[in-house]
Amino acid sequence: MTDIIGAAKPALVDLAGKPIPKVGAAPELPLEERAKQLPTPSGYRILCAIPHVEEKTEGGVFKADITIQHEELLTTVLYVMKIGPDAYGDPTRFPSGPWCQEGDFILVRPHAGTRVKIHGREFRLINDDSVEAVVEEPRGVSRA
């Protein structure tokens, strides 16, 4: 790697002198390896996947890429992948127990959580109290 004037840039290293890995585009990995790269939520956070957005309207018209991106960004339906170790641990705040569990489809507010893309797929880390409802059948549920 070189800088603007063509001089070689030194590799970034940590305090022990080990190289710091680059973040960004990763080589194509098998599905099993990609699944291992999902973050484990810490504390009271929940890792959620964004359900697949249909590329066509009900009438069969293809949606523009920007329309699909907006639907993903503003989605209110998420799929619970992993729950952090402290989520729903406070009996005072959650007297009836957890509001959701792994494998549930949930409703949250648009823009909820921290967005992260892993291998081109968007995930969100949300707080345990961001869950507003559990949805049995997410198809047909859309933001008003």
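Given (1) over 15 Å from Pro39 (Cβ atoms); (2) modelled with pLDDT of 95 or more, where does Leu125 come up short, assuming only one miss?
Checking Leu125 against (1) over 15 Å from Pro39 (Cβ atoms); (2) modelled with pLDDT of 95 or more, the one that fails is (1).
Contact list please: Cβ distance under 8 Å, first residue in the range 49-69 and farther than 21 Å from Met81 by Cβ and part of a strand (DSSP E or B), second residue basic (Lys, Arg) and modelled with pLDDT of 85 or more, pairs at least six apart or on different chains.
Between residues of the range 49-69 that are farther than 21 Å from Met81 by Cβ and part of a strand (DSSP E or B) and residues that are basic (Lys, Arg) and modelled with pLDDT of 85 or more, the close pairs are Lys56/Lys63; Phe62/Lys56.
State which residue is surrounded by the fewest Cβ atoms within 10 Å (Cβ to Cβ) when the search covers only the range 73-106 and only residues that are in contact with a Ser or Thr (Cβ under 9 Å, 6 or more places away or on another chain) and under 12 Å from Arg45 (Cα atoms).
Looking at the filtered set, the residue picked out is Pro85.
Return the only residue of Arg121, Arg109 being in contact with a Ser or Thr (Cβ under 9 Å, 6 or more places away or on another chain) and touching a residue at least 12 places away in the same chain (Cβ under 8 Å).
Within the list Arg121, Arg109, the selection yields Arg109.
Any residue at all in the range 72-82 that is among the basic types (Lys, Arg) and touching a residue at least 40 places away in the same chain (Cβ under 8 Å)?
Filtering the range 72-82 for residues among the basic types (Lys, Arg) gives 82.
If we keep only those that are touching a residue at least 40 places away in the same chain (Cβ under 8 Å) too, we end up with 82.
Checked against the condition, which is being among the basic types (Lys, Arg) and touching a residue at least 40 places away in the same chain (Cβ under 8 Å), the range 72-82 yields at least one hit.
The values are calculated or read from the model by the stated rules, or taken from the named source; none is laboratory data. Everything numeric here is computed off the predicted structure, so don't read it as measured data. Cβ atoms come from the backbone with ideal geometry, glycine included; neighbour counts cover every protein chain shown.
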